[in-house]
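Colleague: Let me give you the structure first, and then I'll get to my questions.
Just so you know, all these numbers are worked out from the coordinates, no wet-lab data involved. All values reported here derive from a predicted model rather than from experimental measurement. Because the Cβ atoms are built from the backbone with ideal geometry, glycine has one as well, and the counts that use them run over all protein chains shown.
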Amino acid sequence: MERNGQLMLVPNYEVESYWVRLEGYEHVRMSDVLALYHDHATCEQFHSELKSDLDLERLPSGKMKTNALVLVMGAFVYNLLRLIGQDLLSDPRHPLHHKVKRRRIKTIIQTVITMAGRLVRRSRQIWMKLTRRSGYSEPLLNVYQKWREAR
């Protein structure tokens, strides 16, 4: 059926085919090729997460350079949130009850970025004060201290 509702005599099919040429790797086994294919799916998942969770599905401008800047900033924020999420998961006091390898960016935004907090300046120092009600306050403070010492 076409978009306007007209029935077609012969069905219209679209096929997407991916061909890979691995130069210098003619001896690659089929299992290695399948592993590469699954890594491609993982890459697609990250791409989808970047677009949907950071609301970059529709870019704001009709100008290519503006949209390129928005995408670069989105990729920077995405990678920063991924680093925060990985550091939070490596903390033994994170409030998850089951072991996970990674969290979605949307979950990190909901649990960490929207947490109530403020910066306090006292005695020529800057402190980050977070609410104690969240189970993420201590792990997030540890991430903050770790990153502060690394600079």
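Colleague: If only Cα atoms are counted, what is the Rg of the chain, and what is its Dmax, in Å?
Modeller: Expressed in Å, the Cα Rg and Dmax of the chain come to 22.7, 80.
Colleague: Where in the chain is the longest stretch that carries no GluC sites (Glu not before Pro) classed as loop by DSSP and with at most 14 other Cβ atoms within 10 Å?
Modeller: No qualifying site falls inside 58-151, the longest such stretch.
Colleague: So which trypsin sites (Lys or Arg not before Pro) in region 13-79 are both in a DSSP loop and have at most 16 other Cβ atoms within 10 Å of their Cβ?
Modeller: Arg21, Arg29, Arg58, Lys63
Colleague: Provide Thr111, Thr131 in ascending order of the number of other Cβ atoms located within 10 Å of each residue's Cβ, fewest first.
Modeller: Thr131, Thr111
Colleague: With an 8 Å Cα cut-off and a minimum separation of 6 or more residues, compute the relative contact order for the chain in percent. Could the numbers behind the result be given before it?
Modeller: Numbers: 77 pairs, mean separation 22.5, N = 151.
Relative contact order, the chain: 15 percent.
Colleague: In addition: Along the positive direction of the dipole of the chain (beta-carbon charges: Lys, Arg +1; Asp, Glu -1; about the Cα centre), which of Tyr78, Gln6, Ser48 reaches farthest?
Modeller: Tyr78
Colleague: Using the Cα centre as the reference, give the magnitude of the dipole from point charges on the C-beta atoms of region 30-114 (Lys, Arg: +1; Asp, Glu: -1; all else neutral), rounded to the nearest 20 debye.
Modeller: Details: 12 positive and 9 negative charges, 51 e Å.
With only Lys, Arg, Asp and Glu charged at Cβ, the dipole is about 240 debye.
Colleague: What 222 nm value per residue comes from the helices of the chain, counting each DSSP H run with n ≥ 4 as -39,500 (n - 2.57) and dividing by all residues, nearest 500 deg cm²/dmol?
Modeller: -15500 deg cm²/dmol
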